[in-house]
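Have a look at the structure that comes next, please.
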């Protein structure tokens, strides 16, 4: 290890979308930043793909929203569908165009955002992007944080004022802080299949974002620029080899299209889904953001967006502290605001969304469907629902916390 560590103001662990957003925000504000990523580049993660309106507003301040809109698909309408009855409830974000310049979702894989921001960071004189470098340890004191980075030829140290852990669900930063990650794991696998098949040609009134409830197998249909993604549940007792087999693929697409066997897939991915929140998002000079701080199921597209909201909230406060314009106590406010909203909105809403999808044709499911229909038919309640699902309400709730 080097005798004289490098010196930067902020080290960020993880070059996913949250880490890259945090690094860009800080660098644009004149803060010296080092972004450390274990992999050889910003990883091609295929899960998150939805950018909500307030997230687009935030990203616009970084000069990246135009790129996302050029790269992705504009999705003002999303649907809740009942596959058995054929009922479709459509929600149109253009109804809240009076509160945002972006009254739509953008459907675009998250790695496009991360990679473009990482490219731009490499051109900024006060930013360093360190691929092949993993944050493996750190020590805090009253004046800063000494961060140990593992790389191919050894271990080096960096001295920073603050460390941000944006290193994902298995965050080493969170583990070294010994912060509990409370919650649960869903008792099923999630199988994601992607295909270039034009599913929309066979299913009428299909939007780019569709949540489909079904008594036998609920599913999510999402369109991104290159493919359609189909997300379905699978029991833990089912053989993973079967779940990623042609036979399972044929079964899933056979329930949607005339000829499931003819469908060619680009990816078949099996994963577990968690609902967990860290007991704290901040310990002294270390902050947690994104998946390192909270995990939720994908129904609603809140995970990545919530992480980006973490980054803007926390980095705004860091800039004030580093400029001497605010007290370090601002980081306690970051923790209160973002952790409270994570519990009150992101966790609660995604659990509710899952209940709607899983309910089948039970009496409880019918009550939820009736409630959704009544909501869709009531302009005032529908508007409030759109603002909530678009994440404007959660941001307002966070801003009200002092």
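The values are calculated or read from the model by the stated rules, or taken from the named source; none is laboratory data. Everything quoted here is computed from the prediction, not taken from an experiment. We place every Cβ from the backbone using ideal geometry, glycine too, and count neighbours over all the protein chains shown.
Pull up the stretch 79-114, narrow it to residues that are part of a helix (DSSP H, G or I) and either under 23 Å from residue 375 (Cβ atoms) or touching a helix residue (DSSP H, G or I) at 6+ places or on another chain (Cβ under 7 Å) (or both), then point me to the one that is modelled with the lowest pLDDT.
Applying the first criterion (part of a helix (DSSP H, G or I)) to the stretch 79-114 yields 93-96, 110-114.
Imposing the further condition that a residue be either under 23 Å from residue 375 (Cβ atoms) or touching a helix residue (DSSP H, G or I) at 6+ places or on another chain (Cβ under 7 Å) (or both) reduces the set to 93-96, 110, 112-114.
Values: 93: 96, 94: 96, 95: 96, 96: 97, 110: 91, 112: 94, 113: 96, 114: 95.
Within the stretch 79-114, the match that is modelled with the lowest pLDDT is 110.
This table checks each residue for (1) surrounded by fewer than 23 Cβ atoms within 10 Å (Cβ to Cβ); (2) at positive phi; (3) modelled with pLDDT under 95.
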residue	(1), (2), (3)
274	yes, no, yes
284	yes, yes, no
292	no, no, no
301	no, yes, yes
311	no, no, no
322	yes, no, no
332	yes, no, no
338	no, no, no
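Let me ask you something else. Got a sec? Which of 206, 256 is within 22 Å of residue 73 (Cβ to Cβ), outside any strand (DSSP E or B) and touching a helix residue (DSSP H, G or I) at 6+ places or on another chain (Cβ under 6 Å)?
Working: 256 fails: touching a helix residue (DSSP H, G or I) at 6+ places or on another chain (Cβ under 6 Å).
The unique qualifying residue is 206.
All but one of (1) surrounded by fewer than 19 Cβ atoms within 10 Å (Cβ to Cβ); (2) in contact with a strand residue (DSSP E or B) (Cβ under 8 Å, 6 or more places away or on another chain); (3) under 30 Å from residue 65 (Cα atoms) hold for residue 118; state the number of the condition that does not hold.
Failing condition for residue 118: (1).
Give the residue, chosen from 48, 3, that is touching a helix residue (DSSP H, G or I) at 6+ places or on another chain (Cβ under 6 Å) and either modelled with pLDDT under 95 or over 18 Å from residue 120 (Cβ atoms) (or both). Please lay out each step first, then the result.
Numbers: 3 fails: touching a helix residue (DSSP H, G or I) at 6+ places or on another chain (Cβ under 6 Å).
So the residue among 48, 3 that is touching a helix residue (DSSP H, G or I) at 6+ places or on another chain (Cβ under 6 Å) and either modelled with pLDDT under 95 or over 18 Å from residue 120 (Cβ atoms) (or both) is 48.
On the given criteria, is residue 22 over 24 Å from residue 192 (Cβ atoms) and part of a strand (DSSP E or B)? I'd like the intermediate steps shown before the answer.
On the way: over 24 Å from residue 192 (Cβ atoms): yes; part of a strand (DSSP E or B): no.
Answer is no for this residue.
Go through the stretch 137-165 and give me each residue that's in contact with a helix residue (DSSP H, G or I) (Cβ under 8 Å, 6 or more places away or on another chain) and closer than 20 Å to residue 22 by Cα.
Answer for the stretch 137-165, where residues must be in contact with a helix residue (DSSP H, G or I) (Cβ under 8 Å, 6 or more places away or on another chain) and closer than 20 Å to residue 22 by Cα: 138, 161, 162, 163, 164, 165.
Only one of 68, 59, 35 is at pLDDT 95 or above, closer than 22 Å to residue 288 by Cα and either part of a helix (DSSP H, G or I) or under 15 Å from the mean Cα position of the chain (by Cα) (or both). Can you tell me which? Spell out the reasoning first.
On the way: 68 fails: closer than 22 Å to residue 288 by Cα; 35 fails: either part of a helix (DSSP H, G or I) or under 15 Å from the mean Cα position of the chain (by Cα) (or both).
Just a single option satisfies the conditions, and that option is 59.
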